[in-house]
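Structure, as structure tokens:
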Amino acid sequence: MTDAARWLWRFRLDPMAADPGRAQWMVRQAVAGDRGLVVGHADFHGPPDEVGMVEIGYFIAPTSVARDTPAPR
């Protein structure tokens, strides 16, 4: 986990706790492969607008970081 990812998760914790219904439109792990390795994260700036559009930001870790980070189950 990078410092930027830690910051993002901490930044989103209080809003998710305050409004659990919006949690689905906040930060998510990006997971890949058969082993479910975390390769980055995506942060949605939503909820969707009136036509269903949502802004997204994302980060994909360098291969050396992503290769050894299993997703929690």
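The values are calculated or read from the model by the stated rules, or taken from the named source; none is laboratory data. All values derive from a computational prediction rather than experimental measurement. Here Cβ is always computed from backbone atoms with ideal geometry, including for glycine, and neighbour counts include all displayed protein chains. Surface areas here come from the heavy atoms of the whole protein model, side chains and all, with no ligands, DNA or RNA. Shrake-Rupley method; radii C 1.70, N 1.55, O 1.52, S 1.80 Å.
Observations, loosely collected:
- Taking segment 16-50 as the range and being farther than 23 Å from residue 61 by Cβ and in contact with a Lys or Arg (Cβ under 7 Å, 6 or more places away or on another chain) as the test, only 47 passes.
- In segment 26-49, the count of residues that are in contact (Cβ under 8 Å) with a residue 12 or more places away in the chain and in a helix (DSSP H, G or I) is zero.
- In segment 50-70, residue modelled with the highest pLDDT [restricted to those that are in a loop (DSSP other than H, G, I, E, B) and either closer than 18 Å to residue 16 by Cβ or basic (Lys, Arg) (or both)]: 54
- Residue check for residue 17: modelled with pLDDT under 80 and open to solvent by less than 90 Å² (accessible area, probe 1.4 Å): no
- Comparison of 22, 28 shows that the only residue that is surrounded by 10 or more Cβ atoms within 10 Å (Cβ to Cβ) and out of contact with any strand residue (DSSP E or B) (no Cβ under 7 Å at 6 or more places or on another chain) is 22.
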